[in-house]
Amino acid sequence: MSQEIAVVGTAEFTTGFRLAGVREFRNVPEEEKGEALDDAVEDVFATEDVGIIVMHADDLDYLSRTVRERVETSVEPTVVTIGGGAGGSSGMRDQIKRAIGIDLMAQDEGENE
């Protein structure tokens, strides 16, 4: 069974993904993030065929503690945050490790020693 990618965020954030063919998305206007972002994220979590959720890293600040913990610990679907500049490659590395259970970069680093 194939799984979908879902994108949650402002229309400006989701538009590029939609143009690339992502069919699952939840638009949350910037001025409504404080009230509506939790519901949009929970709605995507409830969608059975979603395997990856993409969000802007800055949007994590708008989530309630409960939803944020779920986002940060979810393995399936895996939540990938982009932008914001805080996580860098180590943030993506941690997300990949959490999603597949191994640190692919650690194997590469071992070969270089």
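The values are calculated or read from the model by the stated rules, or taken from the named source; none is laboratory data. The structure displayed is predicted, hence computed values, not measured ones. Cβ placement follows ideal geometry from the backbone for every residue including glycine, while neighbour counts extend to all protein chains displayed.
Right, Glu31: among the charged types (D, E, K, R), loosely packed, with under 14 Cβ neighbours inside 10 Å and farther than 19 Å from Arg70 by Cα or not?
On the way: among the charged types (D, E, K, R): yes; loosely packed, with under 14 Cβ neighbours inside 10 Å: yes; farther than 19 Å from Arg70 by Cα: yes.
Criteria met by Glu31.
Cβ-Cβ below 7 Å, separation at least six or inter-chain, first residue in the stretch 71-94 and hydrophobic (A, V, I, L, M, F, W, C), second part of a helix (DSSP H, G or I) and at pLDDT 85 or above: which pairs?
Taking only residues 6 or more apart or on different chains, the pairs are Val71/Val41; Val71/Leu60; Val79/Val71; Ile82/Ala57; Ala86/Ala57.
Find all pairs meeting these conditions: Cβ atoms under 7 angstrom apart; at least six residues apart or on different chains; first residue within the stretch 30-42 and closer than 14 Å to Thr10 by Cβ and without any contact (Cβ under 8 Å) to a residue 60 or more places away in the chain; second residue among the hydroxyl-bearing types (Ser, Thr, Tyr) and outside any helix (DSSP H, G or I).
Once the first residue is closer than 14 Å to Thr10 by Cβ and without any contact (Cβ under 8 Å) to a residue 60 or more places away in the chain and sits in the stretch 30-42, its partners that are among the hydroxyl-bearing types (Ser, Thr, Tyr) and outside any helix (DSSP H, G or I) give Glu30/Thr10.
Let me spell it out: the conditions are (1) among the hydrophobic types (A, V, I, L, M, F, W, C); (2) more than 21 Å from Asp94 (Cβ to Cβ); (3) surrounded by 14 or more Cβ atoms within 10 Å (Cβ to Cβ); (4) touching a strand residue (DSSP E or B) at 6+ places or on another chain (Cβ under 6 Å), and Met55 meets all of them except one. Which number is the exception?
It is condition (2) that Met55 fails.
Any chance you could count how many residues in the stretch 52-81 are assigned to a loop (DSSP other than H, G, I, E, B), modelled with pLDDT under 95 and of a type outside the set (Val, Ile, Thr)?
So in the stretch 52-81, the residues assigned to a loop (DSSP other than H, G, I, E, B) come out as 63-64, 74-77.
Still in the running and modelled with pLDDT under 95: 74-77.
This time we only want the ones that are of a type outside the set (Val, Ile, Thr), so: 74, 76-77.
Selection size over the stretch 52-81: 3.
Looking at Arg23, Arg18, which one is among the charged types (D, E, K, R), in contact (Cβ under 8 Å) with a residue 12 or more places away in the chain and over 20 Å from Glu72 (Cα atoms)? Outline the logic, then answer.
Numbers: Arg18 fails: in contact (Cβ under 8 Å) with a residue 12 or more places away in the chain.
Result of the check over Arg23, Arg18: Arg23.
Would you pick out the residues in the stretch 28-51 that are outside any helix (DSSP H, G or I), in contact with a helix residue (DSSP H, G or I) (Cβ under 8 Å, 6 or more places away or on another chain) and among the aliphatic types (A, V, I, L, M)? Working first, answer last.
At the first step, the residues of the stretch 28-51 found to be outside any helix (DSSP H, G or I) are 28-29, 46-51.
Still in the list and also in contact with a helix residue (DSSP H, G or I) (Cβ under 8 Å, 6 or more places away or on another chain): 28-29, 50.
Val28, Val50, listed by residue number.
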